[in-house]
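Inspection log for the structure reproduced underneath, given as structure tokens.
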Amino acid sequence: MPSQKNSTLQSLLRRIGEHQRAKKPFAVFRYPGEAVVRAIFQEDNSLYAPVDLTRSGFIVSPFRKDNPAFMILPDRIVEATDQTTKIKGVTTAESTESVEEANRYKDLVRRAVQTIRKGNLKKVVLSRPMEVPTGKSALEIFESLLAAYPSAFCYCWYHPEVGCWLGATPETLVHFSKSEFRTVALAGTLKKEEGKTPAWGPKEKEEQGIVTDYIRAALSEMGIKTETSAVETVAAGSLWHLKTTLTGKVDSDQVGEVIRALHPTPAVCGIPLKEAQNFIRENEGYARGYYTGYLGELHREKEGETRLFVNLRCMEFLGDRARIFVGGGITASSDEQKEWEETRAKSQTVLRVL
């Protein structure tokens, strides 16, 4: 189905609202650095499994198999130009969390560091959920995300069988265009401080190196050669990250294989993968759902382009509440207080638009 240009963002959002009230699935999103907001409408409410990753549509995949992976089919596609006013500067949202929650997460970090220091585990990504009230609708929050984060992948999706999620993620899982692909290793986090450049320590550099090496090795095992960029510092809202870009060439029949090889990466799980998954399952204390899964367009229309993103800086919309997810990578050199503060800094991405 070819895309239809729509005149205004507000008109598009009204059409999406009507679609949601009819309990029909949709995905609306804007790619990083672009001005076009793209909406995919599915005209029935069936839950379609992505099976072999060869079908066109918007895919949503969880961190683990405790939630269904599914596709929103492009029965109708409408686009609008984003004319929202960009938010200048960085604001801080108020959030109050209990001493008990702080102690619980710090204890979790301590256990992870102890496990890493005495065993095979090198890194594990630990996360936690937060529930906060909101007086905004999902589409109002989405519009705020567009204004606040022009360099992120901003999205809102809804399926009556699954729920409604929103986010502004800075991390590409993989981008396929014709025979070329691009993926990134994004790891290491520092909070922005006015007038200061980030001073990266051994912990952040180690974390970044682990992710980069893992991705390169996983693709090499498939016979795919990669070129790796220099490590660079990139901004994501109120945070700094370290980023490496890896590029290469793939055959069209390797797309699904590459996606499966890259998810989950050490940036959202840990390394070795199996040991990290076991630690998360046994210690994290909740089900992540679609947080740290991936989402995006598969085999986009004429171009055949696929652009997938890791589902970070996101929330599950629960009507008058939002469930926010934050986390960080733990290594042998992690400090429990700093890790707690990092999760609080990451929560600002979503809190400031609620």
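Screening Glu207 on (1) open to solvent by less than 80 Å² (accessible area, probe 1.4 Å); (2) within 24 Å of Trp340 (Cβ to Cβ); (3) not in a helix (DSSP H, G or I) shows it passes everything except condition (3). Has region 228-239 got at least one residue that is within 14 Å of Arg64 (Cα to Cα) and of a type in the set (Ser, Thr, Tyr)? Within region 228-239, none of the residues are within 14 Å of Arg64 (Cα to Cα) and of a type in the set (Ser, Thr, Tyr).
Where residues in region 189-204 are open to solvent by 80 Å² or more (accessible area, probe 1.4 Å) and among the acidic types (Asp, Glu), which of them is farthest from Thr349 (Cα to Cα)? Steps first, answer last, please.
First, the residues of region 189-204 that are open to solvent by 80 Å² or more (accessible area, probe 1.4 Å): 191, 193-197, 199, 202.
With among the acidic types (Asp, Glu) added as a condition, the list becomes 193-194.
On the way: Glu193: 15, Glu194: 17 Å.
This residue is Glu194.
Within region 233-241, can one find any residue that is touching a residue at least 40 places away in the same chain (Cβ under 8 Å), open to solvent by 50 Å² or more (accessible area, probe 1.4 Å) and in a loop (DSSP other than H, G, I, E, B)? Within region 233-241, none of the residues are touching a residue at least 40 places away in the same chain (Cβ under 8 Å), open to solvent by 50 Å² or more (accessible area, probe 1.4 Å) and in a loop (DSSP other than H, G, I, E, B).
Return the residues of region 160-172 that are in a strand (DSSP E or B) and over 21 Å from Ile324 (Cβ atoms); say none if nothing qualifies.
Step one: of region 160-172, the residues in a strand (DSSP E or B) are 163-169, 172.
Residue satisfying the conditions is Thr172 alone.
For region 179-196, the count of residues that are over 20 Å from Ile280 (Cβ atoms) and touching a Pro at 6+ places or on another chain (Cβ under 7 Å) is at least one.
Do we find that Val132 is over 30 Å from Asn45 (Cα atoms) and either assigned to a strand (DSSP E or B) or aliphatic (A, V, I, L, M) (or both) in this structure?
Values: over 30 Å from Asn45 (Cα atoms): no; either assigned to a strand (DSSP E or B) or aliphatic (A, V, I, L, M) (or both): yes.
Spelling it out, it is not the case that Val132 is over 30 Å from Asn45 (Cα atoms) and either assigned to a strand (DSSP E or B) or aliphatic (A, V, I, L, M) (or both).
For region 58-72, the set of residues classified as modelled with pLDDT of 95 or more and either under 12 Å from His299 (Cβ atoms) or of a type outside the set (A, V, I, L, M, F, W, C) (or both) consists of Phe58, Ile59, Ser61, Pro62, Met71, listed by residue number. Within region 280-288, is there a residue that is within 20 Å of Ala69 (Cα to Cα) and aromatic (Phe, Trp, Tyr)? Checked region 280-288: at least one residue is within 20 Å of Ala69 (Cα to Cα) and aromatic (Phe, Trp, Tyr). Looking only at residues of region 218-232 that are hydrophobic (A, V, I, L, M, F, W, C) and open to solvent by 50 Å² or more (accessible area, probe 1.4 Å), we find that the one that is farthest from the chain's Cα centre (by Cα) is Ala230.
In region 255-354, which strands (runs of 3 or more DSSP E) lie fully inside it and hold 2 or more residues that are open to solvent by 30 Å² or more (accessible area, probe 1.4 Å) and within 30 Å of Ser179 (Cα to Cα)? Working first, answer last.
Values: elements: 294-300, 305-310, 314-317, 321-330.
Here the list reads 294-300, 305-310.
The values are calculated or read from the model by the stated rules, or taken from the named source; none is laboratory data. Note that the structure is a prediction, hence the values are computed from the model and not measured. Because the Cβ atoms are built from the backbone with ideal geometry, glycine has one as well, and the counts that use them run over all protein chains shown. Only protein heavy atoms, including side chains, enter the accessible area calculation; ligands, DNA and RNA are left aside. Shrake-Rupley method; radii C 1.70, N 1.55, O 1.52, S 1.80 Å.
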